[in-house]
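Take a look at the structure set out below.
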Amino acid sequence: MEEIMRNDHVFHRDLLKQYPIITHGKGPYLYSEDGRRFLDACSGAVAANLGHGIKEIAEAMAEQAGKAAFVHTLRFETPVLYELSEKIAKLAPDPLKKVYFTSGGSEANESAIKLARQYHKDAGKPEKHVVIGRWQSYHGNTFGSLSAGGDIKRRQVYTPNLLDFKHIHSPNCLRCPFQREKKDCDKTQNWSCTASLEQLILEIGPQNVSAFITEPITGSQLGSVVPPESYFQEIRRICDRYDVLLIADEVMTGFGRTGKNFAIEHFSIIPDIITFGKGVSAGYAPLAGMIVHERIMDGLMQNSKGKFVHGYTYSGHPVSVAAGLAVLQIYEREKILENVRDAGKYLFDKLIDLKTRIPFIYDVRGMGLLLGIEFSADKAGTPFEPSLQLSERINEKAMELGAVFYPGNGTINGQMGDHLIVSPPLNCKKDELDELVQILENSMLLAIEEIRRGLDDAAK
């Protein structure tokens with residue numbers, strides 16, 4: 001049957017899909033115009049960290065809009081810019097103390113890449129320009145951030161336009177790309193996933209490498225995979241050895257999502273730049289940015305006359321910044337980190353229990369309230385055929401039952417494998433988590449039964 005584009009004026013993410021129209025939200029729930037209620041079990045795109053309908057944040061934005069809705073930060077600044085920068089700097093590990101704002105995570109990572117380049121160039125090392133990222137990673141959709149990332153499917157269409165950045169494998173002990181056993185790595189303290197970074201730097205030539213960009217916990221592309229315990233200590237040593245800046249992409253993990261202000265704190269190392277987004281404004285306004293190490297700032301002062309050759313029209317937008325300030329005040333007042341640790345453990349235990357009842361759950365992993373579930377067709381970890389779209393089916397069933405999750409595929413090699421991210425708002429309550437798990441279980445069972453029926457019908 002011929003597909004016909006919908007007769008409206010919206011350029012939809014999927015032109016053939018009919019989306020529920022959301023009229024309002026309250027707490028962890030979204031409500032559509034046809035009367036349905038959805039438990040937001042993924043905080044939108046791991047962004048709506050406080051849920052929906054908080055008047056305090058809306059009022060802070062309205063108040064700022066009534067004062068000064070926009071100033072061009074090349075010419076003017078506002079008080080809220082200083083207030084939010086100070087709060088973020090106090091949350092970040094020392095000595096990352098300078099905050100640069102953007103509108104989204106792609107812009108934040110693009111800014112970090114450009115800052116690394118200028119830092120080296122102006123210090124008398126103009127050859128340093130190559131950025132190393134990781135396969136099965138995501139850093140954004142601008143050409144620079146997409147080049148640094150390792151999202152195979154998103155890259156394929158635009159490959160001729162991408163920058164010649166390099167990549168190593170992401171650490172994933174469950175499905176080690178180097179075919180090694182974790183116990184062997186633990187025993188020898190010899191990690192192929194870190195050794196590959198040093199090997200690649202030497203192949204390119206350390207004089208040519210500007211930065212290494214990495215997610216502390218690999219999010220959407222792998223489904224919340226936590227790296228080995230000593231991974232980042234060794235990564236930090238390698239970057240220091242070859243004068244390569246370490247950029248920690250905390251767009252998804254920052255501001256409490258994993259139970260700490262920033263996920264990199266779990267690994268006891270200091271990056272050179274932290275990029276952030278999503279949780280800083282809890283989705284109430286487009287806001288992101290980067291937090292920069294003082295030695296980079298010193299370099300700008302000494303070698304660049306204090307100027308970063310970069311900028312966006314909406315950098316430091318007062319209304320967005322006011323939203324971020326209100327959000328961070330709520331995080332602090334409501335002791336969000338404590339709730340994330342408690343709720344995260346409760347939810348993780350619930351998902352582990354679910355794994356005992358659902359045979360096609362292969363793994364449950366993650367930290368805090370950034371948890372992932374990987375699926376397999378058998379106990380050996382054989383992936384489902386990509387054409388079955390298991391994770392998407394599970395989410396579709398969940399939406400029919402009143403919840404929405406964050407499905408993903410290509411878990412194993414960018415093409416094969418299915419996973420689901422479970423990431424409810426950071427202020428969620430146990431009864432809401434119970435509801436989430438029940439809907440998730442029912443959705444899984446319905447999806448796998450639908451697949452089985454389809455396979456049976458095809459075999460007849």
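Numbers below:
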{"quantity": "Enumeration of residues in the range 32-69 that are out of contact with any helix residue (DSSP H, G or I) (no Cβ under 7 Å at 6 or more places or on another chain), of a type in the set (A, V, I, L, M, F, W, C) and not in a helix (DSSP H, G or I)", "calculated": "CYS42, ALA48, ILE54"}
{"quantity": "Selection within the range 12-55 - on the phi > 0 side of the Ramachandran plot and of a type in the set (A, V, I, L, M)", "calculated": "VAL46"}
{"quantity": "Residues of the range 108-129 that turn out to be hydrophobic (A, V, I, L, M, F, W, C), in a loop (DSSP other than H, G, I, E, B) and within 25 Å of the chain's Cα centre (by Cα), as a count", "calculated": "0"}
{"quantity": "Test: residue in the range 242-262 that is in a helix (DSSP H, G or I) and either modelled with pLDDT of 95 or more or touching a helix residue (DSSP H, G or I) at 6+ places or on another chain (Cβ under 9 Å) (or both)", "calculated": "no"}
{"quantity": "Boolean, TYR29 is of a type in the set (Ser, Thr, Tyr) and closer than 21 Å to VAL437 by Cβ", "calculated": "yes"}
{"quantity": "Residues of the range 414-429 classified as surrounded by fewer than 24 Cβ atoms within 10 Å (Cβ to Cβ) and either out of contact with any strand residue (DSSP E or B) (no Cβ under 9 Å at 6 or more places or on another chain) or under 22 Å from MET399 (Cα atoms) (or both), total", "calculated": "3"}
{"quantity": "Where ARG75 falls short, out of the listed (1) assigned to a loop (DSSP other than H, G, I, E, B); (2) touching a strand residue (DSSP E or B) at 6+ places or on another chain (Cβ under 9 Å); (3) free of Cβ contacts under 8 Å to residues at least 60 places away in the same chain", "calculated": "(2)"}
{"quantity": "Any pair with Cβ under 7 angstrom, 6 or more apart, that starts in the range 177-199 at a residue that is surrounded by 13 or more Cβ atoms within 10 Å (Cβ to Cβ) and ends at one that is modelled with pLDDT under 85 and in a loop (DSSP other than H, G, I, E, B)", "calculated": "CYS185/TRP191"}
{"quantity": "Odd one out for PRO28 among (1) closer than 30 Å to LEU81 by Cβ; (2) surrounded by 16 or more Cβ atoms within 10 Å (Cβ to Cβ); (3) not aromatic (Phe, Trp, Tyr)", "calculated": "(1)"}
{"quantity": "LEU81 vs. criteria under 13 Å from VAL280 (Cα atoms), in the same structural domain as GLY306 (by TED's automatic domain parsing), touching a residue at least 24 places away in the same chain (Cβ under 8 Å) and of a type in the set (A, V, I, L, M, F, W, C)", "calculated": "no"}
{"quantity": "Output for the range 312-342, where each listed residue is surrounded by 14 or more Cβ atoms within 10 Å (Cβ to Cβ) and not in a helix (DSSP H, G or I)", "calculated": "TYR312, TYR314, SER315, GLY316, HIS317"}
{"quantity": "Residue match in the range 419-427 (condition: farther than 24 Å from HIS266 by Cα, among the hydroxyl-bearing types (Ser, Thr, Tyr), modelled with pLDDT of 95 or more and not assigned by TED's automatic domain parsing to the domain that holds ARG155)", "calculated": "no"}
{"quantity": "Subset of the range 398-409 [in contact (Cβ under 8 Å) with a residue 24 or more places away in the chain and either surrounded by 21 or more Cβ atoms within 10 Å (Cβ to Cβ) or in a strand (DSSP E or B) (or both)]", "calculated": "ALA398, ALA403, VAL404, PHE405, TYR406, GLY408"}
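The values are calculated or read from the model by the stated rules, or taken from the named source; none is laboratory data. Small disclaimer: the values here were computed from a predicted structure and weren't measured. Virtual Cβ from ideal backbone geometry, glycine too; neighbours counted across all protein chains shown.
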